[in-house]
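The values are calculated or read from the model by the stated rules, or taken from the named source; none is laboratory data. The structure presented is a predicted model; accordingly, all values stated were derived computationally and were not measured. As a convention, Cβ positions derive from the backbone with ideal geometry for all residues, glycine included, and neighbour counts pool all protein chains shown.
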Amino acid sequence: MELSQFIEKFAEQFDNTPKSSFAATTDFKQLEEWDSLISLSVISMVDDELGKRITGADIRSCATIADLHKLVESK
Amino acid sequence: MYNPFSLAGKKILITGASSGLGRSIAVECTKMGASVLITGRNSERLNMTFVLLEGSGHQQVVADLSTEEGIENLVKQCSELDGVVHSAGIGILVAPQFIKRSEVENQFNTNTFAPILLTSLLVKNNKIKSGASFVFLSSIVGTIFASKAHSLYAASKGAIDGFVKGMALDLARKKIRVNSILPGLVPTEILNMENALTSYDEVMKMKMKMKMYPLQRFGRTEDIANGAIYLLSDASSWVTGSALKIDGGITLGGI
């Protein structure tokens, strides 16, 4: 999946954060809305959309959305 | 010595005994004089529990309670019991918009269907003595409280809450008591704590959570085991259909 599409899908898991807050370089864990439930949604989204399994540890090891995209692509 | 909480002379079945609360409950019961039959899916970890038991005359049976055969096989190996503790449980975390049928089934199979069906088969096969005590490990989550991403776990425990009341009424004629324990947060293998605490941030978050407890700590497995001992002993012979909350005061709210 292209990075731009991944960013869109990532942003969809948030309810109260404007789309403009999401970019490749966004340090997503610092977003105000970020919590364990959104982390879980991201994991499920990746499973649903890409058929790939990532874990909480994977998410913790990534700083930006681009990092996460890279990790997902490598699985 | 006078001790209404003694379990001497009692035979008790404990599920989920290969780890967590089940392991601790099994060990503490033997310290109070019970002879126990412990069961779990993992033979290595079950044996570790077995080795920790005090006294002798105990049994261990490896069983997968998610199948009919597993439950039947376990019941066959039970002699007449004075108590049963249902501690086997798992927690499947889900986000609201991504719940799969298979996840619902898995959650309910272990936490709800297995203890219900095991209870029924034990009673049917006359393995439960008059005056015996059933203890279901429930949770404050799903009965009093909610916890993020725990909606399936909550559902499975809310169902147990209802079942305990129904069974307590139905089995009272045989003088069999049915109660549940509602633990607050007790760090055991179910929480995969090792995975969670990989950074300073996470440790600090855990510390903050702990401070939210009026009694300023998480639970220890013995806190829960002691509640089980009370409910299994003759000291609680007038207690049935109740939910014993052991939670360090967290459900008091306290603004």
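So in segment A:35-53, with the set limited to residues that are more than 13 Å from chain B (Cβ to nearest Cβ) and closer than 27 Å to B:SER147 by Cα, which one is surrounded by the fewest Cβ atoms within 10 Å (Cβ to Cβ)?
That would be A:ARG53.
In this structure, is B:LYS148 closer than 15 Å to B:LEU37 by Cβ, surrounded by fewer than 20 Cβ atoms within 10 Å (Cβ to Cβ), free of Cβ contacts under 8 Å to residues at least 60 places away in the same chain and not polar (S, T, N, Q)?
no
Which of the residues belonging to segment A:1-34 are exposed (fewer than 13 other Cβ atoms within 10 Å of the Cβ) and among the β-branched types (Val, Ile, Thr)?
The answer is A:THR25, and nothing else.
Report the residue count in segment B:67-122 for those that are part of a loop (DSSP other than H, G, I, E, B) and within 14 Å of another protein chain (Cβ to nearest Cβ).
Result for segment B:67-122: 7.
When you check A:GLU32 against the structure, is it assigned to a helix (DSSP H, G or I) and more than 13 Å from chain B (Cβ to nearest Cβ), yes or no?
no
Which one of these is away from every other protein chain (no Cβ under 14 Å), at pLDDT below 95, part of a helix (DSSP H, G or I) and within 15 Å of the chain's Cα centre (by Cα): B:ILE160, B:ILE190, B:ILE229, B:ILE224?
Sole residue among the options that is away from every other protein chain (no Cβ under 14 Å), at pLDDT below 95, part of a helix (DSSP H, G or I) and within 15 Å of the chain's Cα centre (by Cα): B:ILE190.
Kindly establish whether B:PHE134 is more than 14 Å from every other protein chain (Cβ to nearest Cβ), aromatic (Phe, Trp, Tyr) and under 21 Å from B:ASN192 (Cα atoms).
Judged against the criteria, B:PHE134 is not a match.
For segment B:1-23, give me each residue that is more than 20 Å from B:ASN192 (Cα to Cα) and assigned to a loop (DSSP other than H, G, I, E, B).
B:MET1, B:TYR2, B:ASN3, B:PRO4, B:PHE5, B:SER6, B:LEU7, B:ALA8, B:GLY9, B:LYS10
How many of the residues in segment B:72-107 are acidic (Asp, Glu) and under 17 Å from the mean Cα position of the chain (by Cα)?
Residues that pass the stated criteria total 1.
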